[in-house]
Amino acid sequence: MSQQQMIQAFEQYKKSRMEFVQTVAQLAAKPQNIEFLQNAGVMSLLRPLMLDVVPGIQQTAALALSRLADHSYDLAEAVVNEDILPQLVNSLASQNRFYKKAAASVLRAVAKHSPGLSQAVVECGGVDALVLCLEEFDPGVKEAAAWTLGIIAQHNAMLSQSVVDAGAIPLLVLCLREPEMALKRNAASTLSDISKHTAELAQAVVDTGAIAHLAQMILNPDAKLKRQVFSALSQISKHSVGLAEMVIEAEIFPAALACLKDPDEYVRKNVTTLMREVVKQTPELSQVIVNCGGMAAVVDYLGDCQGNLRLPGIMMLGYVAAHSENLAMAVIFSKGVPQLAQCLSEETEHHIKAATVWAIGQIGHHTPEHAKAVATANLLPKLLELYTEAGSSEDLQVKSKEALKSILQKCTYLPGLESLLYDAPSNILKHVVCQFSKVLPHDSKARRLFVTSGGLKKVQEIDAGPGSPLQEYINAINSCFPEEIVRYYSPGYSEVLLERLESFQPA
């Protein structure tokens, strides 16, 4: 065989290897081909090609592997079982930028499926290798590494700590200062994933000066970046008063309120989530948000969105109102109660209804004035309906009952209470009747209205056990009226009158 023929044989072999990995990569992009590839033992065939002398073959083999591993847990586990990860990690330090991006995508595709597979990436030195990639000159390599580190960190605190221990945070903060938008997004997203688990991890992010860099980007025109920035600030704020105060001290409000009008719905949701995490910490932090116009802005936001996008805004109003009478009144003055009533009537998901009911309870339980604001929005019958409706979830029933009882105990607005006399079960009815027994002795106009509206008649029809609190409240109400009026509206009195009529002998 001539030298030319030998060269041709090697060229043909190289060409065949390239064609094979290209074909597998193309096939792996379509879900309907995955089962065939798996049955054909494609993992063991790709493994040696990851060490191929031709860089293009290596990169395409890595691309094919990432697509396969991305598809399912089983295939990702097969990558681990085939012992491909150490090979990838060892190559990350020496190969070119194209291979590094492809290798990072394989690690990401494996790690995304479970904490156990992410741990396999950690144990083979994957996190340390990825952190080294954050120091690369090429922004594409840094972007791929940051993304993969975020996928690992998102699972749990232990995996997140491994990312921190490898020294990722200072490098991720440096990535925020790079001009490439995709790199900024991935860095902010990973900082968010690290921060979400514990106060200690969030503090590790804060200690590198991340808040200041994130705060500088809240008005960036890129919507995807703003989503991640507000998410990261939310995850930092949620853990403690001190961390929330540090976010506020970065002076992101009131500027961030402008983003509640952003065209991107997830930017708006994440801004509202950040406000929720801040206000739940203390009355003082709630007051900061109220003072900068945050309350009215969130009420407007609730009117412009639907479904789960409403949830952080609903809870934000509830947290503010829970702190004090004055803050609850700020929610009322911002027209929060009618907006929550609208949410309650429009939403179908029980968890959203439950959150709305909880927020209404936080507003109405402070004083008679607060309770009246809820009652005049006709919310008491709605709360009763949600509590007694068989189709309501257990959580919705419990929250409706708690909200109703706490508001009723403060409510002295009798027109709002009267409708409940006819429909409430005994455990709620006793609170309703109790409020009438408190108000009627001191209000002659209310007593007259109570008779003409049928309230007194209804009270006489209530079946209360002798000596029970409910019977005592009924007795207190009856003592407010002349005995003959009470007797007139008592059940069976008309029959007594008819009997007397029959037995009556005219003179």
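Counting every other Cβ atom within 10 Å of each residue's Cβ, Y301, Y266 order from fewest to most as Y266, Y301. For the range 329-372, averaging the sequence separation of C-alpha pairs within contact (under 8 Å, six or more residues apart) and dividing by the residue count gives a relative contact order of 37 percent. With contributions of -39500 (n - 2.57) from each DSSP H run of at least four residues, the per-residue ellipticity at 222 nm computed over the chain stands at -22500 deg cm²/dmol. Please work out, to two decimal places, the log10 of the ratio I(q)/I(0) at q = 0.08, 0.13 Å⁻¹ from a Debye calculation in which every Cα of the range 7-163 carries one identical scatterer. Calculated log10 I(q)/I(0) at the listed q: -0.21, -0.56.
Taking the inverse of the mean 1/r over every pair of distinct Cα atoms in the range 414-497 gives a Kirkwood hydrodynamic radius of 12.9 Å.
Checking the cross-link pairs K401/K445; K238/K382; K372/K457; K112/K280; K269/K335 against a 26 Å limit on the alpha carbon distance flags K401/K445; K238/K382; K112/K280 as lying beyond it.
Ordering T272, V241, G294 by the projection of their Cα atoms onto the charge dipole of the range 220-328, which places +1 on the Cβ of Lys and Arg and -1 on the Cβ of Asp and Glu, puts T272 at the extreme positive end. Apply 1/(1 + (r/R0)^6) to the Cβ-Cβ distance of E265 and S453, taking R0 = 51 Å, and write down the FRET efficiency to the nearest 0.05. Once the sixth-power term is evaluated, E becomes 0.65. Its residue count N sets the reference 2.2 N^0.38 Å, and the alpha-carbon radius of gyration of the range 251-367 equals 0.95 times that reference.
Axis angle, to the nearest 10 degrees, between helix 294-303 and the longest C-alpha principal axis of the chain: 90 degrees.
Here the calculated FRET efficiency for E82 and S393, from their Cβ-Cβ distance with R0 = 45 Å, stands at 0.50, rounded to the nearest 0.05.
No lab work stands behind these numbers, since they all come straight from the coordinates. Note that the structure is a prediction, hence the values are computed from the model and not measured. All Cβ positions, glycine included, derive from the backbone under ideal geometry; neighbour counts span all protein chains shown.
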